[in-house]
Amino acid sequence: MAKVKLGIIGLGNMGTSHVKALHQGLVPDMELSVVSDRLEGRQKWVKELMGGDFPVFSEGTDLIQSGACDAVLVATPHYDHPPLSIAAFKAGLHVMCEKPAGVYTKQVKEMNKAAADSGLVFGMMFNQRTNSYFQKMRELVQGGSLGAIKRVSWIITNWYRPQVYYDSGDWRATWDGEGGGVLLNQCPHNLDLLQWICGMPNKVRAFCHNGKWHDIEVEDDVTAYLEYPNGATGTFITSTADAPGTNRFEVTLEWGKIINEDTTKLTLHKLEMNEREFTKIAKGGFDAPKVTVEEITTDGSNEQHVGVLKAFAGRILHGSPLVAEGAEGINGLTLSNAMHLSSWTDSTVSIPFDEDLFLSELTKRRSLSPKKAGTGAVFESGRLPNKA
């Protein structure tokens with residue numbers, strides 16, 4: 001195989017972006033060989049771009065069965081990520097899935113099993129993992145030199161969206177169309193990075209405010225409290241209504257703290273002594289360990305979506321590492337599901353949680369959804385899918 005032949009299912013905002021990147025040759029080991037989209041306008045656009053004889057389907061299932069590609073990139077609305085991915089694995093195709101992995105973990109577990117049973121390559125489009133500042137943050141936290149995590153805090157409110165954004169499609173900001181609001185649309189990357197860098201909490205208490213700042217039925221303002229197995233605690237705060245917003249990710253450990261601001265500024269506050277030891281030997285009631293402050297630099301690499309696709313092609317052709325294994329997509333979704341369930345039941349939720357209860361509560365909300373965006377059947381980009 002000289003190059004990986006990729007088919008893209010869904011030509012909404014993200015699918016269109018991927019088409020352009022491949023057309024421009026930004027992924028040398030991959031070529032676009034086929035696409036699918038239900039909108040005639042999008043079909044016409046890609047044929048004009050790629051040439052009139054370029055194969056285009058209206059249904060993703062037809063693309064999967066066409067034999068025109070080695071792998072697919074699923075860029076449809078959220079509910080359809082697992083069924084389309086499963087269909088692709090059954091057809092012998094490698095899969096790259098856009099975020100989120102799905103809407104509920106029970107659905108995603110079926111996708112993960114299909115991937116494992118197939119033996120094919122399965123990747124998640126967690127492009128923020130290519131950011132060298134997040135990579136360095138993970139290295140510092142996971143490396144052990146700073147000791148155990150004591151506290152985690154991420155306020156990520158620079159996701160501002162005006163009402164017209166939500167009015168751009170009936171599927172947007174509905175339980176039946178998206179399966180959630182800011183947690184499912186804007187924050188899958190943040191929730192993935194949170195667990196990738198700090199690990200998974202085992203308890204969540206969240207307050208998800210539906211339509212607090214916009215005329216929508218899903219959450220646009222969330223405050224969540226987290227507890228970790230080692231006793232560490234955390235907060236995760238997000239909204240699509242703060243202007244100006246804030247992006248500050250702070251991790252406090254035994255030997256100091258790391259602060260990531262606006263994704264590209266990383267500061268290490270390093271203690272002279274482990275705080276857990278210092279507190280036992282300090283003589284003065286107001287003594288505090290000495291600290292040095294250092295701005296951490298990186299090589300600035302941040303290939304984003306192109307980097308993920310390069311790695312995907314590399315795994316298929318050469319067995320090299322992916323940016324994010326597909327099976328890891330369930331982790332961030334577990335966090336958002338736990339936050340939703342906590343808010344719905346007005347209670348603290350332990351992880352793992354009752355997946356049947358979550359699905360039951362979600363189904364209730366889908367059935368009452370005033371904007372019927374669809375039934376969750378397989379569809380492509382008629383509703384501009386999956387763009388944060």
Count of the stretch 106-128 residues which are open to solvent by 10 Å² or more (accessible area, probe 1.4 Å) and under 18 Å from residue 17 (Cβ atoms): 1
Test set (1) hydrophobic (A, V, I, L, M, F, W, C); (2) touching a strand residue (DSSP E or B) at 6+ places or on another chain (Cβ under 9 Å); (3) open to solvent by less than 10 Å² (accessible area, probe 1.4 Å) - residue 103 fails condition number: (2)
Which numbered condition residue 52 misses (of (1) modelled with pLDDT of 95 or more; (2) surrounded by fewer than 23 Cβ atoms within 10 Å (Cβ to Cβ); (3) more than 22 Å from the chain's Cα centre (by Cα)): (1)
Close pairs (6 angstrom Cβ cut-off, 6 or more residues apart or separate chains): closer than 12 Å to residue 5 by Cα and open to solvent by 30 Å² or more (accessible area, probe 1.4 Å) in the stretch 59-76, basic (Lys, Arg) and modelled with pLDDT of 95 or more anywhere: 70/5
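Residue by residue, here is whether (1) over 30 Å from residue 225 (Cβ atoms); (2) among the aliphatic types (A, V, I, L, M); (3) touching a Gly at 6+ places or on another chain (Cβ under 8 Å) holds:
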{"position": "314", "(1), (2), (3)": "yes, no, no"}
{"position": "324", "(1), (2), (3)": "no, yes, yes"}
{"position": "336", "(1), (2), (3)": "no, no, yes"}
{"position": "346", "(1), (2), (3)": "no, no, no"}
{"position": "351", "(1), (2), (3)": "no, yes, no"}
{"position": "361", "(1), (2), (3)": "no, no, no"}
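Go through the residues of the stretch 45-56 one by one and say whether even a single one is in contact (Cβ under 8 Å) with a residue 40 or more places away in the chain and not β-branched (Val, Ile, Thr). Give the derivation first.
Let us first name the residues in the stretch 45-56 that are in contact (Cβ under 8 Å) with a residue 40 or more places away in the chain, namely none.
There is no residue in the stretch 45-56 that is in contact (Cβ under 8 Å) with a residue 40 or more places away in the chain and not β-branched (Val, Ile, Thr).
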Failed item in (1) open to solvent by 50 Å² or more (accessible area, probe 1.4 Å); (2) touching a strand residue (DSSP E or B) at 6+ places or on another chain (Cβ under 9 Å); (3) of a type outside the set (Phe, Trp, Tyr), with residue 198 passing the rest: (1)
Test set (1) part of a loop (DSSP other than H, G, I, E, B); (2) open to solvent by 40 Å² or more (accessible area, probe 1.4 Å) - residue 216 fails condition number: (2)
Cβ pairs under 6 Å, 6+ apart, first in the stretch 353-372 and at pLDDT 95 or above, second assigned to a helix (DSSP H, G or I) and small (Gly, Ala, Ser): 353/338
Hits in the stretch 133-177 (condition: buried (at least 18 other Cβ atoms within 10 Å of the Cβ), out of contact with any Leu (no Cβ under 8 Å at 6 or more places or on another chain) and small (Gly, Ala, Ser)): 173, 177
Residue in the stretch 103-119 that is farther than 16 Å from residue 10 by Cβ, among the aromatic types (Phe, Trp, Tyr), part of a strand (DSSP E or B) and in contact (Cβ under 8 Å) with a residue 40 or more places away in the chain present: no
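Based on this model, can you work out whether residue 230 counts as buried (at least 20 other Cβ atoms within 10 Å of the Cβ) and part of a loop (DSSP other than H, G, I, E, B)? So that I can check it myself, show each step before the final result.
Details: buried (at least 20 other Cβ atoms within 10 Å of the Cβ): no; part of a loop (DSSP other than H, G, I, E, B): yes.
Answer is no for this residue.
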Looking only at the stretch 343-358, and only at residues there that are under 20 Å from the mean Cα position of the chain (by Cα) and over 10 Å from residue 203 (Cα atoms), the one that is most open to solvent (accessible area, probe 1.4 Å): 355
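The values are calculated or read from the model by the stated rules, or taken from the named source; none is laboratory data. Being a predicted model, the structure only gives us computed values, none of them experimental. Note that each Cβ is placed from the backbone with ideal geometry, even for glycine, and that neighbours are counted across all protein chains shown. These accessible areas exclude ligands, DNA and RNA; they are computed on the full protein's heavy atoms, side chains included. Shrake-Rupley method; radii C 1.70, N 1.55, O 1.52, S 1.80 Å.
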